[in-house]
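Structure record follows, encoded as structure tokens.
The values are calculated or read from the model by the stated rules, or taken from the named source; none is laboratory data. Here the structure is a predicted model, which means the values were calculated and not measured. Quick reminder, even Gly has a Cβ in these numbers, built from the backbone with ideal geometry, and neighbours come from all protein chains shown. Note: areas computed on protein heavy atoms with side chains; ligands, DNA, RNA excluded. Shrake-Rupley method; radii C 1.70, N 1.55, O 1.52, S 1.80 Å.
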Amino acid sequence: DPHATTLSPGDSFDVSIHLDTGGASLLASSIAFHDLSSSGFFSLSSVTFGPVWSSDPNDTLDPSPESLDAAHSFTTGDIGGLALDLTNGTGASADLLLATLHLHVSAAASAGQYQLGSTRVVAGNIDGDNLDSQSGLAYAVIVVPEPAAAMGALLSVGLMARRRRAAR
């Protein structure tokens, strides 16, 4: 939510991961989030789990804040958890909130369009069956220079042109 955003270097943003349970009540789920552009300009700050998931740290897979860089294969650790109700699960839903990921754009990010997305989504229903794994849920991030940086660049070009005219 949404599937694209425009940001400046140094900005933070949230991505909410929703699942269609296909009519099943889930007991557990897990995802990994990936910088599909392999830019190294993004990091995971924290994770907030949806209301049907346990908040007990023993029941969740919550990677510590980490960079989505080459050292981490541009991927977060597994993010997931157990349902609050271990007997009935989450209930069936076409729009179940798994988690909201709080992400950050590096101050060194170059202007351009980047693709982020889930590399795997795995969920288990209350019958102990794994549901189909989904991947490739894409999210576009467009990084634009800050207005002050853009103005500084324009001012530099203007000063260079003025210097050239004065030198003639």
Do the conditions hold for residue 20, that is, is it over 10 Å from the mean Cα position of the chain (by Cα), in contact (Cβ under 8 Å) with a residue 60 or more places away in the chain, under 15 Å from residue 97 (Cβ atoms) and open to solvent by 30 Å² or more (accessible area, probe 1.4 Å)?
yes
Do we find a residue being of a type in the set (Gly, Ala, Ser), in contact with a His (Cβ under 6 Å, 6 or more places away or on another chain) and open to solvent by less than 50 Å² (accessible area, probe 1.4 Å) anywhere in segment 26-43?
yes
Can you tell me which residue within segment 100-147, out of those that are surrounded by 13 or more Cβ atoms within 10 Å (Cβ to Cβ) and among the charged types (D, E, K, R), is modelled with the lowest pLDDT?
146
Tally up the residues in segment 11-49 that are more than 20 Å from residue 83 (Cα to Cα) and small (Gly, Ala, Ser), please.
7
Name every residue in segment 66-99 that is open to solvent by 60 Å² or more (accessible area, probe 1.4 Å) and farther than 12 Å from residue 26 by Cβ, in order of residue number.
70, 71, 72, 73, 78, 87, 94, 95
